[in-house]
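The values are calculated or read from the model by the stated rules, or taken from the named source; none is laboratory data. Source: prediction; values computed, not measured. Cβ coordinates were reconstructed from backbone atoms using ideal geometry, including for glycine residues, and neighbour counts include every protein chain displayed. Just the protein is used for accessible areas: all its heavy atoms, side chains included, with ligands, DNA and RNA removed. Shrake-Rupley method; radii C 1.70, N 1.55, O 1.52, S 1.80 Å.
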Amino acid sequence: MKIEAITLREIHMPLVHFFETSFGRTTERRILLVTLHTDGPMGWGECVAGEGPFYSEESIDTAWYAMENYLAPTLLGRSIEKGADAAAALGRIRGHRMAKGALENALWDAEAQSRQLPLWRLLGGTQAEIACGVSIGIQDSVEQLLEKVETELAAGYRRIKVKCKPVWDVNVLERIRKRWPDILLSCDANSAYTLDQIEHLRQFDRFNLLMIEQPLWHDDFYFHAQLQKQLKTAICLDEAIHGRRDAQAAAELGSCRIINIKVGRVGGFSEAVAVHDVAQRAKMPVWCGGMLETGIGRSHNIALSTLPNFTLPGDVSASKRYWKDDIIDPAVEVSQQGFIKVPQRAGRGFELKTNLIDKLTVRKKEFAVTKQVVVGT
Ligand code: OSB
Ligand code: MG
């Protein structure tokens with residue numbers, strides 16, 4: 001596929017409800033979407049970087065910078081046969097994984113359409129429906145959180161994950177377990193603790209959690225391995241895993257027993273599949289993480305979640321939990337049993353509401369191959 005033009009756009013979308021983690025509260029999302037214009041179909045990708053460098057060092061502005069100055073110029077005018085070849089083409093540029101991931105995924109999106117295959121099949125997926133969990137942010141009160149848990153369980157979600165941090169952890173888990181002793185429950189610290197708090201963290205073992213996600217530093221494997229030896233609860237790494245070598249290091253060191261795969265965090269679909277494969281060989285289950293995506297990122301997460309080692313419910317949930325009006329049609333829906341049916345159509349399987357996308361756009365820039373004008377003799 002020849003890449004003829006790339007459009008970057010920033011859209012603004014208010015969240016239905018604020019989302020708070022140990023690193024801060026988000027009420028409105030700034031989202032960077034990319035469109036890859038090929039000589040065949042048009043592919044779309046969503047950059048999952050946050051508004052600021054708090055989850056990782058990337059932000060939507062660093063991603064725009066990397067795309068505008070380095071990634072788009074590298075791709076423009078090139079013929080790249082498959083999405084799987086994008087990572088090698090962009091390999092000279094270091095880091096900027098979420099920026100690269102958005103472009104690479106747009107290429108897979110175009111490839112799936114051009115080959116008339118569902119994207120999930122192209123990725124090697126085998127599951128026709130995926131199990132869904134929810135991630136519930138820190139609330140203003142424990143009562144408010146319990147109400148949210150109740151709503152999500154009634155909607156059918158198969159695993160509840162709550163965000164935690166010191167002072168919003170043991171007390172909260174205690175209240176949830178008292179009311180729901182048997183649900184699949186986990187928590188996510190987003191690096192809110194240090195190894196000095198090991199005695200405090202050991203109290204989590206009382207709650208029969210499926211896992212505790214990224215309790216320690218965002219870039220650490222070594223101290224997580226020490227912590228895992230002293231905890232009964234399985235550690236799941238999120239922030240620390242940037243690719244297949246990290247997954248292997250974590251498996252060999254014993255830093256975790258479960259991996260959360262986010263396609264943007266590892267730099268795109270090919271690396272996400274590679275992490276999946278390493279984890280599968282190490283007999284570690286994986287699940288698909290979320291980054292408050294619009295329908296584009298959400299549909300890509302659904303496709304990835306169909307690979308065989310995605311055996312735990314992911315943070316892939318219905319559009320309406322985040323958006324009044326998602327930018328895809330139909331919106332992502334979850335059954336009363338807590339599953340998403342994977343679309344069978346070619347490509348990502350969801351149409352785009354282009355008028356709505358235009359209305360939400362606050363910044364847009366198009367990069368095209370400079371046309372060579374041949375002057376006749
Ligand atoms: O750590 O999984 C996380 C959202 C933003 C940044 C980090 C995380 C999250 C979530 C949200 O937990 C998951 C979702 O999109 O539903
Ligand atoms: Mg997480």
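Miscellaneous remarks
- Extension gain for Leu356-Asp140 works out to 74.5 nm (0.36 nm per residue, less the C-alpha to C-alpha distance).
- Phi angles of the range 123-140 translate, via the Karplus equation with coefficients 6.51, -1.76, 1.60 and θ = phi - 60°, into HN-Hα couplings of 6, x, x, 10, 9, 7, 9, 10, 7, 10, x, 10, 10, 10, x, 5, 10, 6 Hz per residue; Gly and Pro are given as x.
- Spatially proximal lysines relative to Lys2 (Cα-Cα < 30 Å; intrachain offsets below 8 disregarded): Lys82, Lys100, Lys262, Lys353, Lys359, Lys364, Lys365, Lys371
- For the range 171-266, the solvent-accessible area of protein heavy atoms averages 43 Å² per residue (probe radius 1.4 Å; ligands and nucleic acids excluded).
- Here Lys229 is the anchor, and the aspartates and glutamates within straight C-alpha reach of less than 16 Å, apart from those fewer than 8 places off in the same chain, are Asp196, Glu199, Asp205, Glu213, Asp220, Glu252.
- Net lengthening on full extension, Arg175/Gln336 (0.36 nm per residue, minus Cα-Cα): 55.5 nm
- Cα→Cβ-extended label distance, 7 Å offset, between Val369 and Phe54, nm: 4.2 nm
- Peptides ranked, highest mean first, by Cβ atoms within 10 Å: ranges 7-19, 201-213: 201-213, 7-19
- Pair Ala249, Ala282: separation of 7 Å Cα→Cβ label points (nm): 1.1 nm
- Candidates Trp64, Trp180, Trp323: whichever shows maximal mean-square fluctuation once the chain is modelled as a Gaussian network with Cα springs under 10 Å: Trp180
- Packing-based ranking of 141-154, 279-292 yields 279-292, 141-154, ordered from highest to lowest mean Cβ neighbour count within 10 Å.
- Highest-MSF residue in the chain out of Asn260, Asn355, Asn309 [GNM, Cα springs under 10 Å]: Asn355
- From the alpha carbon centroid of the range 241-278 to that of the range 89-153 is 15 Å.
- With a cut-off of 12 Å between beta carbons, the residues surrounding Arg244 carry a summed charge of -1, where Lys and Arg count +1 and Asp and Glu -1.
- Rounded percent of accessible protein surface that carbon and sulfur make up, the chain, 1.4 Å probe: 50 percent
- The packing ranking of peptides 37-44, 340-347, highest mean first, is 37-44, 340-347, where packing means the average number of other beta carbon atoms within 10 angstrom of each residue.
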